[in-house]
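Report on one structure; see the data block that follows.
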Amino acid sequence: LLLLLFVLLTAVSLTSCLGDGEDSVRRQLPTQAEIDAAFNVMKGNYQGKLICYAFDEQYGGWKKDDSIASNWEITSDTTLLIKHFPTKFLAKSVTNESLKQAIEALPAQDLNFKISIRQARPSATGFYIVPLLADLGNLTYDGASHRIGVRFIWNESTIGKFDPSTKRMGIRLIENGIYVDKVLKDDVYRAGNIYICLLYTSDAADEEDSVD
């Protein structure tokens with residue numbers, strides 16, 4: 001819970017930095033030297049949990065749906081690699097049963113995300129996460145082969161925060177669509193049922209069970 005609040009507070013601070021006008025943004029964005037220094041502390045491999053949340057209409061909010069041990073790596077000051085992302089997570093909101101089974105049958109995927117450091121302080125590094133399409137290649141469903149991709153969106157809540165003193169990191173990703181042959185298809189995906197995945201370092205992975 002503490003790390004989740006840590007991440008949510010980052011959303012407020014990052015958004016406020018971007019909401020006070022262009023001059024304010026220029027004043028508050030870190031210099032390249034500050035970005036380089038933050039990356040040198042943050043880079044490397046991490047272990048923890050990948051936690052998936054689903055919107056529960058009866059509950060009226062986001063609830064923990066599933067979790068799995070995970071590894072990820074900060075490979076540069078612009079790249080985050082999540083290793084062995086489970087395809088059962090990628091298929092959770094797929095409504096076409098044939099396509100769902102085809103995605104679930106794939107091995108776990110290594111997914112790359114772009115990051116942009118927007119806050120570099122001794123106490124914390126905050127960054128935006130700009131997703132790339134998870135290209136699953138050609139899959140056969142309903143008797144035909146199609147190129148399938150899973151869309152992760154970018155907005156002010158797809159963020160991450162790193163605590164240099166504890167080496168803990170939390171990030172939030174939002175998956176919300178399926179591309180079939182490069183076309184976003186609403187008829188194979190449950191509209192509005194967005195899943196949020198939170199990554200934690202291993203010492204904080206068991207602290208969070210719900211998202212308000």
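Structure summary
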quantity: Conditions (1) farther than 21 Å from PRO86 by Cα; (2) surrounded by 14 or more Cβ atoms within 10 Å (Cβ to Cβ); (3) modelled with pLDDT of 85 or more; (4) touching a Lys or Arg at 6+ places or on another chain (Cβ under 7 Å); number of the one not met by TYR179; calculated: (1)
quantity: Residues that are crowded, with 17+ Cβ neighbours inside 10 Å, modelled with pLDDT of 85 or more and more than 16 Å from GLU104 (Cα to Cα), drawn from segment 142-158; calculated: PHE152
quantity: Where ILE82 falls short, out of the listed (1) assigned to a strand (DSSP E or B); (2) within 30 Å of THR31 (Cβ to Cβ); (3) open to solvent by 20 Å² or more (accessible area, probe 1.4 Å); (4) in contact with an Asp or Glu (Cβ under 8 Å, 6 or more places away or on another chain); calculated: (3)
quantity: Members of segment 129-153 found to be touching a helix residue (DSSP H, G or I) at 6+ places or on another chain (Cβ under 7 Å), in a strand (DSSP E or B) and of a type outside the set (A, V, I, L, M, F, W, C), listed by number; calculated: THR140, TYR141
quantity: Tally, over segment 159-175, of residues that are out of contact with any Cys (no Cβ under 6 Å at 6 or more places or on another chain) and surrounded by 18 or more Cβ atoms within 10 Å (Cβ to Cβ); calculated: 11
quantity: Out of SER70, SER24, sole residue that is in contact with a His (Cβ under 8 Å, 6 or more places away or on another chain) and either at pLDDT 75 or above or surrounded by fewer than 17 Cβ atoms within 10 Å (Cβ to Cβ) (or both); calculated: SER70
quantity: Matching residues in segment 99-115 - criterion: being surrounded by 14 or more Cβ atoms within 10 Å (Cβ to Cβ), over 18 Å from HIS84 (Cβ atoms), touching a Phe, Trp or Tyr at 6+ places or on another chain (Cβ under 8 Å) and of a type outside the set (Val, Ile, Thr); calculated: LEU99, ALA102
quantity: Conditions (1) part of a loop (DSSP other than H, G, I, E, B); (2) more than 23 Å from GLN28 (Cβ to Cβ); (3) among the charged types (D, E, K, R): number failed by GLU156; calculated: (2)
quantity: Count of segment 38-65 residues which are of a type in the set (D, E, K, R), part of a strand (DSSP E or B) and in contact (Cβ under 8 Å) with a residue 24 or more places away in the chain; calculated: 4
quantity: Any pair with Cβ under 7 angstrom, 6 or more apart, that starts in segment 125-140 at a residue that is over 16 Å from LEU173 (Cα atoms) and ends at one that is crowded, with 19+ Cβ neighbours inside 10 Å and polar (S, T, N, Q); calculated: THR125/GLN119
quantity: Condition broken by SER165, with the remaining ones in (1) part of a loop (DSSP other than H, G, I, E, B); (2) more than 30 Å from LEU29 (Cα to Cα) satisfied; calculated: (2)
quantity: Extreme residue, farthest from the chain's Cα centre (by Cα), among residues of segment 126-141 that are more than 15 Å from PHE85 (Cα to Cα) and open to solvent by less than 80 Å² (accessible area, probe 1.4 Å); calculated: TYR141
quantity: Within segment 36-47, tally of residues that are open to solvent by less than 60 Å² (accessible area, probe 1.4 Å), farther than 14 Å from ARG168 by Cβ and touching a Ser or Thr at 6+ places or on another chain (Cβ under 9 Å); calculated: 2
quantity: Filter result (buried (at least 18 other Cβ atoms within 10 Å of the Cβ) and among the hydroxyl-bearing types (Ser, Thr, Tyr)) within segment 48-64; calculated: TYR53
quantity: For CYS17: the one exception among (1) surrounded by 12 or more Cβ atoms within 10 Å (Cβ to Cβ); (2) at pLDDT 50 or above; calculated: (2)
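The values are calculated or read from the model by the stated rules, or taken from the named source; none is laboratory data. Computed from a predicted structure; not experimentally measured. In this analysis, Cβ positions are derived from the backbone assuming ideal geometry, glycine residues included, and neighbour counts consider all displayed protein chains. The accessibility values were calculated without ligands, DNA or RNA, using every heavy atom of the protein model including side chains. Shrake-Rupley method; radii C 1.70, N 1.55, O 1.52, S 1.80 Å.
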